[in-house]
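Working notes, structure below.
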Amino acid sequence: MMLWQPDRAHNDLPLLPPQVELETKAVLKRCITARAALGELKQAAGLIPNPGMLINTLPILEARASSEIENIVTTADSLFQYASHEHAADPPSKEALRYRRALLEGFQGLEDRPLSTVTAEEVCTRVMGRPMSVRRVSGTALLNSGTGDVVYTPPDGEQRIRSLLANWERFLHDGAEMDPLVRIAASHYQFEAIHPFTDGNGRTGRILNSLALVELDLLPLPILYLSKFIIDRKDEYYDKLLAVTARGAWEPWALYMLQGVEETAIWTTEKIAAIRRLAGETREFVRSQHPKIYSGELVDVLFEQPYCRIGDLVEAGVVERQAASRYLKALVRTGVLQERRAGREKLFIHTRLFDLLTSDVHEYERL
């Protein structure tokens, strides 16, 4: 076996499982606290009566952060505004919204089949907005953004790449004797090291992490905001990935990923608790101030997206179009919503929900 060299295709990438002890004492200790944090998040998600409150909001935050890791920068305001009108968004927002769509479609696809190479190709196709398949040509290399030096050259040859992906699939699904979080950490390294596509590998790999947490029954929905942890520690993320390749430094990588899962699970659990509090207070406020228009379904729509349109109430079956306009304007008058005109369109913004979702803290202005 040849020694690894950054500018040579890493065709000797070792198969999974690694020939080292992954479940060290330190790793297993961290697994306990990470699994406990995920358990709390799973319970918190189950307490939300309308899953749309989570599935329509938290993946947008994940999409924004994961895209920013790849230097695709947009704003949460733009993403929420165009979440249901993707065609009207600016190019960076369209890219981030494709990530969110890939995540949600991948989640739906778990009902039909487990994670696989086909899943990865479908996810990457959606992320990139064009057909993507396993690389057939050589020449892919990862460069240092500052110096331009080659830092890693992934394996080449379609047959070799598909064989490595087949091993990745088997390890993810057949390693029942290993803690699932350790399997996900090792699988994520391997996917990024295989680097099966000409572009979109990082975003695809991070979506696969979210889907693996659902498939392995650690979460009911793909709502772990893991890219928040990675974007805050971007250099460390890439350094630890490369250290596995260069030195076989598996334990630091596993500990990094487990720390990320634990911290973001705690953060997301606290965010969900704050959303529940705000939703409860909003229900009581609307019920007392607007008894003639109040319904649980109306408040549910207000929490499925910070940006509400007249058509959203109509599509949800809350009320007809003319009444929908009247309802939303009433909520503006009492400060629940703010009205904004965007071209010909009227937008009704749930500013407390928006501020809560986009803040690192879990507080909001009281009604």
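The values are calculated or read from the model by the stated rules, or taken from the named source; none is laboratory data. Only a predicted model underlies this, so the values are computations on that prediction, with no experimental measurement involved. All Cβ positions, even for glycine, are placed from backbone atoms using ideal geometry, and neighbour counts span all protein chains on display.
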Please determine whether any residue of segment 116-125 is charged (D, E, K, R), crowded, with 17+ Cβ neighbours inside 10 Å and closer than 25 Å to Leu221 by Cβ. yes
All but one of (1) surrounded by 15 or more Cβ atoms within 10 Å (Cβ to Cβ); (2) part of a loop (DSSP other than H, G, I, E, B); (3) of a type in the set (D, E, K, R) hold for Glu21; which doesn't? (1)
Which number in (1) over 26 Å from Asp239 (Cβ atoms); (2) modelled with pLDDT of 95 or more marks the one condition that Val137 misses? (2)
Six or more apart or on different chains, Cβ under 6 Å: which pairs go from a residue in segment 168-195 that's within 12 Å of Leu115 (Cβ to Cβ) and touching a residue at least 40 places away in the same chain (Cβ under 8 Å) to one that's of a type in the set (A, V, I, L, M) and crowded, with 23+ Cβ neighbours inside 10 Å? Could you list them? Ile184/Ala212; Ser187/Leu172
Before we move on, is Ser84 outside any helix (DSSP H, G or I) and either touching a residue at least 40 places away in the same chain (Cβ under 8 Å) or closer than 22 Å to Leu302 by Cβ (or both)? yes
What tally of residues in segment 175-225 results from selecting those that are in a helix (DSSP H, G or I) and either among the small types (Gly, Ala, Ser) or within 16 Å of the chain's Cα centre (by Cα) (or both)? 21
With respect to the numbered conditions (1) surrounded by fewer than 15 Cβ atoms within 10 Å (Cβ to Cβ); (2) of a type in the set (D, E, K, R); (3) assigned by TED's automatic domain parsing to the domain that holds Gly200, which one is the sole condition not fulfilled by Asp12? (3)
Checking Met1 against (1) at pLDDT 95 or above; (2) exposed (fewer than 14 other Cβ atoms within 10 Å of the Cβ), only one condition comes out false. Which one? (1)
Please work out if Leu47 is within 30 Å of Leu313 (Cβ to Cβ), exposed (fewer than 15 other Cβ atoms within 10 Å of the Cβ) and among the hydrophobic types (A, V, I, L, M, F, W, C). yes
Only one of Leu143, Leu103 is assigned by TED's automatic domain parsing to the domain that holds Gly200, in contact (Cβ under 8 Å) with a residue 40 or more places away in the chain and farther than 18 Å from Leu165 by Cα, namely Leu103
Conditions (1) modelled with pLDDT of 95 or more; (2) under 16 Å from Gly248 (Cβ atoms) -> Ala36 fails only (2)
Exactly one of (1) closer than 22 Å to Ile32 by Cβ; (2) buried (at least 21 other Cβ atoms within 10 Å of the Cβ) is unmet by Leu302. Its number? (1)
